[in-house]
1. Tally up the residues in the stretch 69-112 that are without any contact (Cβ under 8 Å) to a residue 60 or more places away in the chain, assigned to a helix (DSSP H, G or I) and either over 20 Å from T332 (Cα atoms) or open to solvent by 10 Å² or more (accessible area, probe 1.4 Å) (or both), please.
2. Scan the stretch 264-271 and give yes if some residue there is at pLDDT 85 or above, more than 27 Å from S202 (Cβ to Cβ) and either part of a helix (DSSP H, G or I) or open to solvent by 40 Å² or more (accessible area, probe 1.4 Å) (or both), otherwise no.
3. Any idea which of L59, L64, L55, L25 is in contact (Cβ under 8 Å) with a residue 12 or more places away in the chain and open to solvent by 50 Å² or more (accessible area, probe 1.4 Å)?
4. In the stretch 275-312, what residues are of a type in the set (V, I, T) and either touching an Asp or Glu at 6+ places or on another chain (Cβ under 9 Å) or not in a helix (DSSP H, G or I) (or both)?
5. Hey, can you tell me all the residues within the stretch 1-37 that are over 19 Å from L158 (Cα atoms) and assigned to a loop (DSSP other than H, G, I, E, B)?
6. Being open to solvent by 10 Å² or more (accessible area, probe 1.4 Å), over 30 Å from V356 (Cα atoms), modelled with pLDDT under 85 and part of a helix (DSSP H, G or I): is that true of A166 here?
7. Here is a check on your reading of the model: is W254 within 27 Å of M344 (Cβ to Cβ), in contact (Cβ under 8 Å) with a residue 40 or more places away in the chain, open to solvent by 20 Å² or more (accessible area, probe 1.4 Å) and assigned to a helix (DSSP H, G or I)?
8. Identify, from the list V361, V356, V321, the residue that is among the β-branched types (V, I, T) and modelled with pLDDT under 85.
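The values are calculated or read from the model by the stated rules, or taken from the named source; none is laboratory data. Since this is a predicted model, take the numbers as computed values, not measurements. No Cβ is skipped: glycine too gets one built from the backbone with ideal geometry, and neighbour counts run over all protein chains shown. These accessible areas exclude ligands, DNA and RNA; they are computed on the full protein's heavy atoms, side chains included. Shrake-Rupley method; radii C 1.70, N 1.55, O 1.52, S 1.80 Å.
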Amino acid sequence: MSTWSRPVVLLLCGLMLMTVSIAVLNTLVPLWLTHDQLPTWQVGMASSSYYTGNLLGTLLAGWLITRYGFNRCFYLASVLFAVATMGMVMLDGFYSWTMLRFTAGVGCALIWVVVESALLCSGTVRNRGQLLAAYMIIYYLGTVAGQLLVSRVSTELLHVIPWVTALIICAVLPVVFVHVNASAATEEASTGRLWVMLRRRSSRLGINGCIISGIVLGSLYGLMPLYLSHQGMSDATVGYWMALLVSSGIVGQWPVGRLADRFGRLMVLRVQVFVVILGAIAMLGDAAMAPALFVLGLAGFTLYPVAMSWACETVAHHELVAMNQALLFSYTVGSLVGPGMTSMLMQNYSDRLLFVMIAAVALVYLVMLLRKADHQATPVAHA
């Protein structure tokens, strides 16, 4: 598969439409629950249930791809996501929505693993980095588009769910015209290989980085809308601020990647984590929110790809998919723990604990990174 072949373009088109739907729901679900006067801890648990579904979807992905192939898995994941979305207008209450978000999480994780694995295994040594960079940029562009839609259209539940469901169905259409062979992708994609990757000592700091990234981004995605809403902002204004946050991640992708290639992953990770701490502290202080959020998003949203690249440098070519599953699993664990733990602190103390939590976990990771000697000036990935 060449870098910008028809299958690649169609896969990324499907991903873009799916990501817009995910972004809209990830922003509006906490707001809908807040408007229903649910306590903060229940809003956080609903966010955590989505990431719990991500966890299960990640574990099931290898087996499902092996059994049914990439295309059928994408269709199955889309159906799960669409049904869980439509269910929100038919079912009410905290427990029902928690289960629906769990189901949506399973579907979304399957979509991510299918697309990431298809791009990894279809690429070559020369173009795999470009494919993954395109994947990240498309994902964040879709996320920003979703946030801007939230600020432009009606945010009423009965107005949003129909067009979001239609968008999910449209996302399937490009994939109908793509056929990706699953045999090469699943050779090393079993659950057993996933645990081997997680236990690999040489990859540990990269895996830890994905966990920390999950905690930071899961808390920002799940609880930043709640924080902004509690500051008295309208749903449209919340959408604008979330778009700014994610846009900063898009802006940072290319320069941070180039810096990591030139100066080494470890040095760049140290700087990134330090900047995350600075951004969180700025949000706690009286600094202007726009530059503080921009700095926080710039460092936070580029943390995962750099940590992922570092971990992938420690594995052979045929182990890339298994490592990809392990890293996504690690990110999902962090995304699950982050909103649940942070929402409890916000409920019992203050909404400002959101940024205290982000700064604290970033500081723990910074200490780990500072204890690691950098023996690779400019590490080069196997991919």
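1. Initial filter on the stretch 69-112 (without any contact (Cβ under 8 Å) to a residue 60 or more places away in the chain): 72-73, 76-77, 79-80, 83-84, 87, 90-93, 95-96, 98-100, 102-103, 105-107, 110.
Then keep just the ones that are assigned to a helix (DSSP H, G or I); that gives 72-73, 76-77, 79-80, 83-84, 87, 90, 95-96, 98-100, 102-103, 105-107, 110.
Narrowing the set further to residues that are either over 20 Å from T332 (Cα atoms) or open to solvent by 10 Å² or more (accessible area, probe 1.4 Å) (or both) leaves 72, 76, 79-80, 83, 87, 90, 95-96, 98-100, 102-103, 106.
Here the count works out to 15.
2. No, the stretch 264-271 contains no residue that is at pLDDT 85 or above, more than 27 Å from S202 (Cβ to Cβ) and either part of a helix (DSSP H, G or I) or open to solvent by 40 Å² or more (accessible area, probe 1.4 Å) (or both).
3. L59
4. Step one: list which residues in the stretch 275-312 are of a type in the set (V, I, T), which gives 275-277, 281, 295, 302, 306.
Within the stretch 275-312, T302 is the sole residue that qualifies.
5. Of the residues in the stretch 1-37, the ones over 19 Å from L158 (Cα atoms) are 1-19.
Scanning the stretch 1-37 gives M1, S2, T3, W4, S5.
6. Values: open to solvent by 10 Å² or more (accessible area, probe 1.4 Å): yes; over 30 Å from V356 (Cα atoms): yes; modelled with pLDDT under 85: no; part of a helix (DSSP H, G or I): yes.
Judged against the criteria, A166 is not a match.
7. Numbers: within 27 Å of M344 (Cβ to Cβ): no; in contact (Cβ under 8 Å) with a residue 40 or more places away in the chain: yes; open to solvent by 20 Å² or more (accessible area, probe 1.4 Å): yes; assigned to a helix (DSSP H, G or I): yes.
Judged against the criteria, W254 is not a match.
8. Working: V361 fails: modelled with pLDDT under 85; V356 fails: modelled with pLDDT under 85.
Exactly one of V361, V356, V321 is among the β-branched types (V, I, T) and modelled with pLDDT under 85, namely V321.
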